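J.: Supplied in structure tokens, the structure appears directly below.
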């Protein structure tokens, strides 16, 4: 596998609609950067959030996730309580080619504040808005900004196409259009 440069990302986004909307430069002034970078794409978080709260003092179970643990917020920013997390989704819609796998890592500006972004890989032929988990590892409330950079997607091109893609498996998170909670 090899990491794909900005010209490949640009080509795939313009010709194959791999990333929509696609920003053909890195936007930086007065914002946490987003858009194409040398070997990746800095994604943005949309303005809708679901913030975790354990008001019921219960157990979080991925097989029986209780959505009452989350409350919805819409706005230009989101305040994440200490030692908690929020879910969000990308502004960008992705269509990953069959011979590509991505890895997503958090942006250093947030990481230096104790704010960690967790995103699973985008598998070959996965498509949709990515659901993001943003953890506040600090003992203070933490602020994240909507429509600004939150993480970077790095694209890896395989020497050959996979035998079974995410679309072939009819993956449970295929085509998601909103913040998507755990599914079995």
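No lab work stands behind these numbers, since they all come straight from the coordinates. It should be emphasised that the depicted structure is a prediction, and the values quoted were computed from it without experimental measurement. FYI the Cβ positions are ideal-geometry reconstructions off the backbone, even for glycines, and counts take in every protein chain you see.
J.: Quick one: Debye curve from the alpha-carbon atoms of segment 1-59 only, equal weights, vacuum; give me log10 I(q)/I(0) at q = 0.12, 0.25, 0.27 Å⁻¹ to two decimals.
T.: -0.44, -1.05, -1.15
J.: Please compute the volume of the convex hull spanned by the alpha-carbon atoms of segment 93-137 and report it per residue in Å³.
T.: Convex hull of Cα atoms, per residue: 63 Å³.
J.: Right, next: Return P(r) of segment 48-184 (all Cα-Cα pairs; 10 Å bins starting at 0; whole %; ordered from short to long distances).
T.: Percent of pairs per bin, in order: 12, 38, 33, 14, 2.
J.: Hey, another quick one. Could you tell me the calculated FRET efficiency between residue 63 and residue 139, based on Cβ-Cβ distance and R0 = 35 angstrom, to the nearest 0.05?
T.: Using R0 = 35 Å, I get an efficiency of 0.70.
J.: Using the scaling law 2.2 N^0.38 Å as the reference, what is the normalised Cα Rg of segment 112-184?
T.: Compared with the compact-globule rule of thumb, segment 112-184 sits at 1.36.
J.: Moving on. Need one word for segment 22-102: rounded, prolate or oblate. Basis is the Cα gyration tensor (sqrt eigenvalues a ≥ b ≥ c); a/c below 1.5 gives rounded, then a/b vs b/c decides.
T.: Here segment 22-102 falls in the oblate category.
J.: Just the ratio, please: alpha-carbon radius of gyration of segment 112-154 over 2.2 N^0.38 Å, N its number of residues.
T.: Expressed relative to 2.2 N^0.38 Å, the Cα Rg reads 1.35.
J.: Rounded to whole Å, give me the distance from the Cα center of segment 97-175 to that of segment 1-42.
T.: The two parts, judged by their Cα centres, are 14 Å apart.
J.: Further question: How would you rank 184, 140, going from fewest to most other Cβ atoms within 10 Å of each one's own Cβ?
T.: Ranked by crowding around the Cβ, least crowded first: 184, 140.
J.: Follow-up question, since we're still on this one. Return one number: the angle in degrees, 0 to 90 and rounded to the nearest 10, between the long axis of the Cα atoms of helix 6-16 and the longest principal axis of the Cα atoms of the chain.
T.: 90 degrees
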